Amino acid sequence: MRWIWIDRFLAYEKGKSATTAKYLSLAEDFLTAHFPGYPVMPAPLILEGMAQTGGILVGDATDFREKVVLAKINKATFTGEAVAGQELVYKVELISLRSEGSIITGEVSADGISIGQAEIQFAHLDNTRAGQMFGETNFVFTGELKRMLAQAHSTAKP
Amino acid sequence: MTKDEIYQKVAGTLVEALNVDEDEIKKEAKLQGDLGAESIDFLDIVFRLEREFGIKIPRGELFPESIFQGDPDLVQDGMITEKGLKELHERMPYAELGDFDKNPELSHLGDIFTVDLISRYIDYKLNQTTKA
């Protein structure tokens with residue numbers, strides 16, 4: 001199973017910015033336990049969605065040659081909650097890109113109302129010491145994810 | 001910018017990057033040994049210094065990864081070779097490596113990265129920029 005927290009790309013500018021959407025439904029497993037009778041999306045999962053949006057933006061900026069992994073959450077602030085039935089929108093910008101890492105900033109809104117901001121740092125494993133430990137196979141941007149992205153491109157509205 | 005102003009800004013940058021208290025930052029404080037920096041923090045520090053001082057820090061310039069990675073030309077049996085030491089001196093003309101030269105164990109290389117060393121590096125970079 002892949003841990004995907006993005007349903008759709010709404011806007012995309014290679015190497016600059018990405019906007020994605022996640023549609024929250026009561027059918028989501030995690031909402032039954034978080035919390036019983038009060039289903040809200042856990043903030044770490046909101047951050048994961050933002051990191052995935054940013055990670056794909058960063059990965060694509062170097063044509064998916066790098067293993068891009070979340071290294072550090074520099075800042076994260078939440079001012080609201082996301083509940084079932086809402087559309088979460090992640091707006092992410094790539095603010096720094098160097099061979100061994102990158103930084104994105106992002107804002108997340110629920111049904112159009114901002115509920116949080118974050119700054120996230122990624123490490124590029126092939127260009128850090130970690131490259132020696134993790135080998136050649138790009139387990140971050142696998143064939144499966146690239147196929148999904150290709151499908152997303154082919155079904156994108158003009 | 002004076003050396004003291006540089007130090008103050010470096011200290012503020014390290015407080016943010018390493019999530020430590022201001023009073024933990026001293027000139028001689030080692031980033032790893034005293035301030036708890038991990039390898040991923042070095043990348044964060046580079047990003048923040050670039051932003052804070054408006055400079056470009058080329059890869060491997062502040063934290064020479066070829067030596068950290070144990071390149072066999074530069075490191076043998078856990079000790080930095082003569083060639084490795086020469087490279088360190090060339091890459092880090094702003095650093096005071098006196099004691100380290102006497103017993104250049106790779107495992108102690110992290111100890112040379114102190115708050116003072118980062119400040120000296122920034123001073124060196126800013127002077128280079130002015131000269132250029």
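Looking at segment A:12-51, which of the residues that are part of a loop (DSSP other than H, G, I, E, B), within 28 Å of A:A71 (Cβ to Cβ) and without any contact (Cβ under 8 Å) to a residue 40 or more places away in the chain is farthest from the chain's Cα centre (by Cα)? Checking each candidate, the answer is A:H34. If the condition is being at pLDDT 70 or above, closer than 21 Å to B:P64 by Cα and among the hydrophobic types (A, V, I, L, M, F, W, C), then segment A:106-144 contributes A:F122, A:A123, A:L125. Of all residues in segment A:52-75, those being within 13 Å of chain B (Cβ to nearest Cβ) and either in a helix (DSSP H, G or I) or out of contact with any Phe, Trp or Tyr (no Cβ under 8 Å at 6 or more places or on another chain) (or both) number 4.
The residue that is farthest from B:A17 (Cα to Cα), counting only those in segment B:58-116 that are within 14 Å of another protein chain (Cβ to nearest Cβ) and charged (D, E, K, R), is B:D71. What is the one condition in (1) among the basic types (K, R); (2) without any contact (Cβ under 8 Å) to a residue 40 or more places away in the chain; (3) surrounded by 18 or more Cβ atoms within 10 Å (Cβ to Cβ) that B:K125 does not satisfy? For B:K125, the exception is condition (2).
Looking across segment B:51-105, the residues that are touching a strand residue (DSSP E or B) at 6+ places or on another chain (Cβ under 8 Å), surrounded by 14 or more Cβ atoms within 10 Å (Cβ to Cβ) and assigned to a loop (DSSP other than H, G, I, E, B) come down to B:R59, B:L74, B:T81, B:P104. Just one of the numbered conditions (1) in a loop (DSSP other than H, G, I, E, B); (2) touching a residue at least 60 places away in the same chain (Cβ under 8 Å); (3) away from every other protein chain (no Cβ under 14 Å) is not true of A:W3: (2). A count restricted to segment A:81-102 and to residues that are touching a helix residue (DSSP H, G or I) at 6+ places or on another chain (Cβ under 8 Å) and in a loop (DSSP other than H, G, I, E, B) stands at 4. Taking the criterion of being within 14 Å of chain B (Cβ to nearest Cβ) and over 14 Å from the mean Cα position of the chain (by Cα), the residues of segment A:77-101 that qualify are A:I95, A:S96, A:L97, A:R98, A:S99, A:E100, A:G101.
Among the residues of segment B:1-50, the one identified as in a helix (DSSP H, G or I), surrounded by fewer than 17 Cβ atoms within 10 Å (Cβ to Cβ) and hydroxyl-bearing (S, T, Y) is B:S39. Please work out if B:E22 is more than 19 Å from A:A123 (Cβ to Cβ), free of Cβ contacts under 8 Å to residues at least 60 places away in the same chain and either in contact with a Lys or Arg (Cβ under 6 Å, 6 or more places away or on another chain) or not assigned by TED's automatic domain parsing to the domain that holds B:T130 (or both). No: the conditions fail for B:E22.
The values are calculated or read from the model by the stated rules, or taken from the named source; none is laboratory data. Keep in mind the model is a prediction, meaning the values are calculated, not measured. With ideal geometry, Cβ positions are generated from the backbone for all residues, glycine too; neighbour counts draw on all protein chains shown.
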